[in-house]
Amino acid sequence: MLGLKTLRDMRGYLEFLDEIGWLKRITVEASPILEIPEVLRRIMYRRGPALLFENVKGFPGWRIAGNLFCHIDVFRKSLGVERLEDVGRRLISLALSPPPMGVVDKIRAFKDMMSLSRYLPKKVGSTPIFENILEGDKASLNNLPVFKTWPGDGGRYFTYPLVITRDPDKETYNMGVYRVMILDDRRGVIHWQIHKRSAESYRKAGESGLERIPVAILIGGDPATLFTGAAPVPYPMDKYLFAGIVRGESLPVVELGSGLMVPAYGEAVLEGYIDVSETAYEGPFGDHMGYYDKPMDKYPIFHLECIYMRSDPIYYGSVVGKPALEDAVIGKAVERIFLPIIQMMFPEVVEINLPEHGVFQGLAIVSIKKRYPGHAKKVMMGLWGLGQFSLTKMIVVVDHDINPHDINQVIWAVSVNVDPQRDVLIIPGTHTDALDPATPIQGYGSKLGIDATRKYPEEYGGKEWPREVEVDEDTKRLVDEKWSLYGLDQGS
């Protein structure tokens with residue numbers, strides 16, 4: 001079995017997928033215009049595997065990989081961890097180190113600092129990305145096998161680009177997955193919404209009088225780095241540091257001519273800039289909600305200056321649409337990795353489920369160890385104030401003995417524990433996901449909270465909550481002992 005150190009890039013990951021039987025190679029000619037996206041969707045609806053198209057129509061020399069996040073257990077194995085929650089615990093262990101008080105504590109603090117250093121990005125001098133450097137007329141966005149995913153899309157889109165910017169104040173790096181629509185050979189529109197980390201850097205640049213900010217777009221990478229691009233890492237934590245924590249070791253980076261550091265082992269890097277005073281309309285695009293976006297809006301324009309590219313490059317594109325597709329697997333990985341962090345902030349949280357068909361931010365089901373009246377609503381409010389969770393449209397809170405991943409248990413809890421007038425909370429006039437088709441005003445709508453927990457007397461008109469039915473121990477033991485005599489396991 002290939003180890004984590006082998007998975008320094010996407011090629012190592014593809015070898016890993018091939019070895020464990022989760023990669024299918026497609027040798028027949030196929031086009032990135034509608035055809036390959038449709039194949040990827042059909043296979044993902046069947047729950048995998050990853051695909052590698054080796055004969056790309058109209059783009060000789062390129063291959064295309066898709067459905068790399070084909071299954072959450074495959075991703076977990078690629079990181080070399082028993083549970084994805086272990087990744088979140090790495091971050092917690094670094095964040096919660098006590099301050100050094102004595103000599104022994106200072107020695108321990110030094111060890112903690114050394115532990116952190118192994119996750120910090122590491123600059124390297126050479127990389128296969130520099131095997132081919134295209135400038136001037138040779139550098140064209142249209143020469144890459146970028147998808148047109150749906151027939152009604154406004155153009156061809158990079159659907160899993162790692163868009164890299166640097167915060168002008170803190171010098172920390174952001175690396176986000178923001179779709180990019182190609183305008184022409186040298187320009188693309190980057191769809192970063194107002195709440196995204198790069199949008200914050202863009203705003204700061206404009207307020208400080210900067211006319212341009214350098215931007216790089218990375219294509220491909222190791223699975224941990226690809227995941228980090230989509231992960232809701234809290235600002236201002238450096239995304240390269242977070243990638244190192246997910247990887248379990250430092251992320252190698254290399255410096256471009258613009259001064260930006262980028263992950264060293266991608267397949268291609270598009271180097272350029274954004275003029276902070278310039279925007280263009282973007283869209284429409286068929287997104288993960290299962291609809292085309294609302295009326296087009298304006299976003300920043302990326303200007304391409306140079307392309308760095310490996311020989312025999314592999315393009316990675318993701319496809320979205322009605323769930324459950326590749327983004328649902330990424331969402332479940334986020335759920336698992338960030339659960340320990342949420343539990344650190346809210347110790348009463350037992351488990352969380354972001355259902356695949358809840359389009360990640362549409363619905364969250366949370367089980368808690370309830371301790372006092374109003375506790376469920378306190379958890380709702382806390383989660384809605386927590387980073388990316390602020391975009392979650394609906395939160396259902398259940399008791400600790402309800403498994404939030406068992407939808408039938410959740411339905412039972414909602415059906416028998418909820419009085420709508422008392423337990424349903426609607427908050428109007430809040431910031432929402434800009435992609436939500438249900439709200440008539442983009443990015444502005446409401447929240448829904450459902451308290452499906454058992455109620456304390458203070459919540460139940462001063463009365464005790466009804467006692468649930470359960471079998472007595474004597475009867476249970478009697479039936480257990482006689483079960484084989486009933487003949488009920490012998491078939492009909």
Could you tell me which residue of region 305-353 is nearest to ASP401 (Cα to Cα), considering only residues that are among the charged types (D, E, K, R) and not in a helix (DSSP H, G or I)?
-> GLU351
Restricting to region 381-399, what's the tally of residues that are surrounded by 23 or more Cβ atoms within 10 Å (Cβ to Cβ) and either in contact with a His (Cβ under 6 Å, 6 or more places away or on another chain) or assigned to a helix (DSSP H, G or I) (or both)?
-> 0
Name the residue, out of ILE352, ILE330, ILE337, ILE341, that is farther than 16 Å from VAL87 by Cα, in contact (Cβ under 8 Å) with a residue 12 or more places away in the chain and either in contact with a helix residue (DSSP H, G or I) (Cβ under 6 Å, 6 or more places away or on another chain) or buried (at least 20 other Cβ atoms within 10 Å of the Cβ) (or both).
-> ILE352
What pairs come up if the first residue lies in region 177-194 and is free of Cβ contacts under 8 Å to residues at least 24 places away in the same chain, the second is assigned to a strand (DSSP E or B), and their beta carbons are under 8 Å apart, counting only those six or more places apart or on different chains?
-> TYR178/VAL163; TYR178/ILE190
If we ask which residues in region 47-69 are surrounded by fewer than 23 Cβ atoms within 10 Å (Cβ to Cβ) and not in a strand (DSSP E or B), their number turns out to be 11
Go through region 51-68 residue by residue and tally those that are of a type outside the set (Asp, Glu) and touching a Lys or Arg at 6+ places or on another chain (Cβ under 7 Å).
-> 4
Out of the residues in region 437-492 that are outside the structural domain of ILE402 (by TED's automatic domain parsing) and of a type in the set (A, V, I, L, M), state the one that is farthest from ILE365 (Cα to Cα).
-> LEU485
Filtered residues of region 431-466 (kept if surrounded by fewer than 15 Cβ atoms within 10 Å (Cβ to Cβ) and either at pLDDT 95 or above or not in a loop (DSSP other than H, G, I, E, B) (or both)) = HIS431, ILE441, TYR444, SER446, PRO457, GLU458, GLY461, GLY462, LYS463, GLU464, TRP465, PRO466
Output the number of the condition that LYS57 fails; it satisfies all remaining conditions of (1) among the charged types (D, E, K, R); (2) over 20 Å from VAL28 (Cβ atoms); (3) in contact with a helix residue (DSSP H, G or I) (Cβ under 9 Å, 6 or more places away or on another chain).
-> (2)
Within region 127-153, residues among the small types (Gly, Ala, Ser) and surrounded by fewer than 19 Cβ atoms within 10 Å (Cβ to Cβ) come out as GLY136, SER140, GLY152
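The values are calculated or read from the model by the stated rules, or taken from the named source; none is laboratory data. Just so we're clear, the structure is a prediction, and the values are computed from it rather than from any experiment. Every residue, glycine as well, gets a Cβ built from its backbone with ideal geometry; the counts of neighbours run over all protein chains shown.
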